Amino acid sequence: MMGWTAMSGVLADLSNPSPTAPAEVTAQWAKIMGLAKWVAFAAGAIGLLVAGVMMSVGRRHRSSTAADGAVGIPWVIGGLSTVALAVPLVNLFM
């Protein structure tokens with residue numbers, strides 16, 4: 001019967017390989033992430049345009065619409081910042 005010290009020595013000898021994906025997966029993943037980032041930036045641009053239109057339309061007698069548009073701008077900028085910083089933040093911690 002193996003003692004605890006013998007088993008822990010066997011477990012300590014196991015290597016810890018770094019995670020690597022096959023080249024085919026890496027290429028497809030890069031395409032998917034590029035497409036997702038492009039879609040997110042396009043949605044952010046549309047969000048800024050919609051917020052601007054809401055502020056323009058709500059300028060006269062619809063102050064709540066203008067306020068909703070103004071409140072939406074920081075949320076859109078926050079979302080765009082998150083998308084832009086996602087990969088560098090993940091790379092920082094990996």
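Values in this text are rule-based calculations from the coordinates and carry no lab data. The shown structure was predicted, so the numbers you read here are calculated from the model rather than taken from an experiment. All Cβ positions, glycine included, derive from the backbone under ideal geometry; neighbour counts span all protein chains shown.
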Single residue of Ala30, Ala40, Ala45, Ala36 found to be out of contact with any Cys (no Cβ under 9 Å at 6 or more places or on another chain), part of a helix (DSSP H, G or I), surrounded by 13 or more Cβ atoms within 10 Å (Cβ to Cβ) and not aromatic (Phe, Trp, Tyr): Ala40
Output yes when any residue across segment 60-68 is in contact (Cβ under 8 Å) with a residue 24 or more places away in the chain, surrounded by 12 or more Cβ atoms within 10 Å (Cβ to Cβ) and in a helix (DSSP H, G or I), and no when none is. no
